[in-house]
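What follows is one structure encoded as structure tokens, with my remarks underneath.
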Amino acid sequence: MIRVLIVDDHDIVREGVKQIVAETTDITVGGEARTGAEALEAVRKGGWDVVVLDLNLPDRSGVEVLAQIRGMAPQLPVLILSMHNQVSYAARVLKAGASGYVSKDSAREHLVQAVRKLARGERFLTPAVAESLAFGVSAEGENRHTRLSDREFEVLCLIAAGKPPREIAADLNLSVKTVATHRARLLAKMGLKNNAQLVQYAIENDLLSSRV
């Protein structure tokens, strides 16, 4: 039996995953976590074959949690279940150590297959994402935001969403000065001059609802 830990702060998503795997005889949801802290505590206790992880958690980013899981249990495969179906997000989390990537709108079709493959030590991408990565569509380096660190990318998305520096600092547990430093660096890396250009870029690249 494949034991799965679900990490997502939305009850409806966790219930949806449980309903999907309930249709199988070889997969069981053995535990649930709503925050990064709860996820890490569950991983410390052990007993999991696959972690299904959302990128948007209330206390820290999914990429941070992914990195910490990789440090604690490097052999434990992590499947990212994300609201984003863009290839750039899949490329970013795969580079960070995820073993697979499924968008939430394709979970009904692909989740069970993904969990089974990860439990066998394999990787999983949906056919569309795999094809796009193979042919270099939205590949690393093509879009300017792929040059950013994960923290800079978070700051970009929060600025684009209209959040002021103090709110961004509170969300990310940073000082306002550090947020300003990240802003300056990301603008320089992307060749942008101000927040207006940043917001325009985010709109053009469908990043306004994003936060890795």
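Here are a few things to note about the model shown:
- Every residue from segment 99-114 that is polar (S, T, N, Q) and either at pLDDT 95 or above or farther than 17 Å from Val63 by Cβ (or both): Ser99, Ser106, Gln113
- Residues satisfying the stated conditions in segment 64-82, i.e. touching a residue at least 40 places away in the same chain (Cβ under 8 Å), assigned to a helix (DSSP H, G or I) and buried (at least 24 other Cβ atoms within 10 Å of the Cβ): Val65
- Here is the figure for segment 127-148: residues that are touching a helix residue (DSSP H, G or I) at 6+ places or on another chain (Cβ under 8 Å) and either in a helix (DSSP H, G or I) or modelled with pLDDT of 85 or more (or both) total 8.
The values are calculated or read from the model by the stated rules, or taken from the named source; none is laboratory data. These numbers come from a predicted model, not from an experiment. Neighbour counts are summed over all protein chains in view; Cβ atoms, including those assigned to glycine, are modelled from backbone coordinates with ideal geometry.
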